[in-house]
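Input: a single structure, listed below in structure tokens.
The values are calculated or read from the model by the stated rules, or taken from the named source; none is laboratory data. Not measured: the values here are computed from a predicted model. Note that each Cβ is placed from the backbone with ideal geometry, even for glycine, and that neighbours are counted across all protein chains shown.
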């Protein structure tokens, strides 16, 4: 194996993501395979590939129209000028580069251009229902997503990828896997109440985690985890009940 070969995480519940469901619905597992092949290429090219649909189609031996659709129609990638990339891939690359301290200056330059213009650009997809729905979300402020989620009549548990992306946006240190496992085990309840807004629960974890970390550095290690869990559960139940009075 090559010296500079790296592993990247493949979320075990990626297919539960709504965007991926729409991709599979339209193109089947051929489209799903093309998506992950492109993700691999992005990891190998500092998260910036040219929109050379013909070249990608030839490399994967698939129809060019399917390649165009996978890249443009499902809001899975961000596109700027002649390049496209992925927020999720970039986050994982940043974490890897922070440890290895070998980030490429050219890759950072190209990615920063994409990130700076992310709020101003839209993908060049046809005017289907996906573009209309996602176009509205990008133009609105982040809080609108949280309000819509609270107003939703039926709660839908988030995927690991959604929690990771939300934690990345807030720049917190909440463990997304631990968050998912905890609420999956208790039936997605806050105290005795059914959860209505998982993003609010993430923010409460974030606040409680910060308070616990700053105020209890000298706590005995053997008692820290049990006390932290008790404080977390009490704080989440209290704040969540207050939020949804």
Qualifying helices (runs of 4 or more DSSP H) (wholly inside the range 90-187; at least 2 residues being at pLDDT below 80, within 28 Å of residue 212 (Cα to Cα) and not assigned by TED's automatic domain parsing to the domain that holds residue 42): 142-151
Any idea how many residues of the range 50-65 are out of contact with any helix residue (DSSP H, G or I) (no Cβ under 6 Å at 6 or more places or on another chain) and not in a loop (DSSP other than H, G, I, E, B)? 5
Of the residues in the range 210-224, those that are loosely packed, with under 10 Cβ neighbours inside 10 Å and either modelled with pLDDT of 65 or more or not in a loop (DSSP other than H, G, I, E, B) (or both) number 3
Residues being surrounded by fewer than 20 Cβ atoms within 10 Å (Cβ to Cβ) and within 21 Å of the chain's Cα centre (by Cα): count how many of those fall in the range 49-74. 0
